[in-house]
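A short write-up of the structure that comes next.
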Amino acid sequence: MSGELTTQGYIKHHLTNASVGEGFWTWHVDTLAWSIILGLVFILSFRSVAKKATVGVPGKFQCFVEMIVEFVGQSVKDTFHGKNPLIAPLALTIFVWVLLMNFMDIIPVDWLPTLAALIGGESWETIASGNSHIYMKVVPTTDLNMTAALALGVFVLMIYYSIKIKGFGGFMKELYAHPFNTPWLYWFNFILEVISLLAKPMSLALRLFGNLYAGELIFILIAGLMGVWQLPAHFIWAAFHLLVIPLQAFIFMMLTIVYLSLAHEEH
């Protein structure tokens with residue numbers, strides 16, 4: 001880093017999204033682009049394995065994919081108590097997609113933003129001085145907009161299946177007649193249950209965002225304080241972070257399965 005670039009400026013630059021638009025209609029282009037690219041990586045790679053799958057001795061990648069599918073399938077069987085052919089594919093999609101987005105955290109923080117700036121026509125001197133006007137956050141799950149969108153999708157499915165399985169009346173009764181099935185406490189039940197219902201997508205979004213954002217911030221601090229000597233410390237923290245990355249994808253998947261299982265309970 002050049003002496004003109006302060007640690008605070010370096011951190012702020014790396015935590016700024018490439019965006020277009022203003023106010024509510026601000027679009028984080030980097031988050032959208034990387035999430036779509038990683039989604040396509042998941043779809044195309046798994047599709048390729050499915051098309052080339054053999055009953056004989058499978059290849060290494062086929063074995064890897066089969067292990068993931070079996071792991072997710074068993075998790076659904078153990079946790080989901082309804083009957084819905086959508087749940088297993090949804091759980092697989094969430095787990096692998098979130099896992100891929102989280103794994104972008106392992107890439108050294110300067111590599112892709114610097115490459116983007118060079119492709120954008122900026123010089124090494126401009127980049128090193130901290131005056132680059134090209135921003136890029138490459139970990140979509142460090143953007144609250146992304147994790148909130150995922151959680152909102154799960155929330156919509158929860159409401160949809162709750163009404164579909166229980167009927168609108170049954171769904172409303174869960175809100176106002178639980179936990180105290182007494183008419184004069186219906187108003188109190190309703191407040192508690194609505195808060196509990198809204199807390200589910202909020203906790204999904206904030207848990208994933210908070211863990212990945214904190215991990216990415218530590219990577220940025222290491223790079224900002226150590227400059228070109230960041231790689232040894234980076235890989236030490238990355239080794240520990242390898243536990244966090246799949247764990248957060250697993251937690252998001254499991255909570256999705258649990259919430260949808262509750263939505264399918266007719267009683």
Quiz prompt | Criterion violated by Ala148 - all others in (1) over 17 Å from the mean Cα position of the chain (by Cα); (2) farther than 25 Å from Ala239 by Cβ; (3) touching a residue at least 24 places away in the same chain (Cβ under 8 Å) satisfied | solution = (1)
Quiz item: When only residues in region 173-191 that are surrounded by 15 or more Cβ atoms within 10 Å (Cβ to Cβ) and under 30 Å from the mean Cα position of the chain (by Cα) count, which is nearest to Ile87 (Cα to Cα)?
Solution: Glu174
Exercise. Considering each of Leu38, Leu32 in turn, give the residue that is modelled with pLDDT of 90 or more, in a helix (DSSP H, G or I) and open to solvent by 70 Å² or more (accessible area, probe 1.4 Å).
Key: Leu32
Quiz item: Taking region 33-49 only, how many residues are free of Cβ contacts under 8 Å to residues at least 40 places away in the same chain and either out of contact with any helix residue (DSSP H, G or I) (no Cβ under 7 Å at 6 or more places or on another chain) or closer than 18 Å to Phe103 by Cα (or both)?
Solution: 9
Quiz item: Quick one: would you say Ala91 is in contact with a Phe, Trp or Tyr (Cβ under 9 Å, 6 or more places away or on another chain) and either modelled with pLDDT under 90 or of a type outside the set (D, E, K, R) (or both)?
Solution: yes
Exercise. Identify, by number, the condition in (1) part of a helix (DSSP H, G or I); (2) of a type outside the set (A, V, I, L, M, F, W, C); (3) open to solvent by 40 Å² or more (accessible area, probe 1.4 Å) that Ser45 doesn't meet.
Key: (3)
Quiz item: among the hydroxyl-bearing types (Ser, Thr, Tyr) and within 18 Å of Leu212 (Cα to Cα), is that true of Thr142?
Solution: yes
Quiz item: Hey, among the residues in region 88-120 that are more than 22 Å from Ser45 (Cβ to Cβ) and buried (at least 17 other Cβ atoms within 10 Å of the Cβ), which one's nearest to the chain's Cα centre (by Cα)?
Solution: Val109
Self-check item: Selected residue [under 19 Å from Glu266 (Cα atoms), assigned to a helix (DSSP H, G or I) and open to solvent by less than 40 Å² (accessible area, probe 1.4 Å)] from Gly170, Gly153
Solution: Gly170
Quiz item: Out of the residues in region 216-263 that are of a type outside the set (A, V, I, L, M, F, W, C) and closer than 26 Å to Lys200 by Cα, which is modelled with the lowest pLDDT?
Solution: His241
Practice problem: Only residues that are open to solvent by less than 20 Å² (accessible area, probe 1.4 Å) and in contact (Cβ under 8 Å) with a residue 40 or more places away in the chain: list them for region 50-79, please. | Solution: Val72, Ser75, Val76
Self-check item: Residue satisfying condition, being touching a Ser or Thr at 6+ places or on another chain (Cβ under 8 Å) and not β-branched (Val, Ile, Thr), within set Ser203, Ser132, Ser162
Solution: Ser132
Self-check item: Any hit, region 159-178, residues being at pLDDT 95 or above, of a type outside the set (A, V, I, L, M, F, W, C) and within 20 Å of Leu32 (Cα to Cα)
Solution: no
Quiz item: If you scan region 82-105, which residues turn out to be over 26 Å from Glu216 (Cβ atoms) and either part of a helix (DSSP H, G or I) or touching a Leu at 6+ places or on another chain (Cβ under 9 Å) (or both)?
Solution: Gly82, Asn84, Leu86, Ile87, Ala88, Pro89, Leu90
Exercise. Scan (1) touching a helix residue (DSSP H, G or I) at 6+ places or on another chain (Cβ under 9 Å); (2) assigned to a helix (DSSP H, G or I) for the single condition Pro108 breaks and write down its number.
Key: (2)
Quiz item: When the residues of region 236-258 are filtered to those that are under 11 Å from the mean Cα position of the chain (by Cα) and aliphatic (A, V, I, L, M), which remaining residue is most open to solvent (accessible area, probe 1.4 Å)?
Solution: Ile251
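The values are calculated or read from the model by the stated rules, or taken from the named source; none is laboratory data. Just so it is clear, the structure is predicted and the values come from calculations on it, not from any experiment. Virtual Cβ from ideal backbone geometry, glycine too; neighbours counted across all protein chains shown. Accessible surface areas use protein heavy atoms only, side chains included; no ligands, DNA or RNA. Shrake-Rupley method; radii C 1.70, N 1.55, O 1.52, S 1.80 Å.
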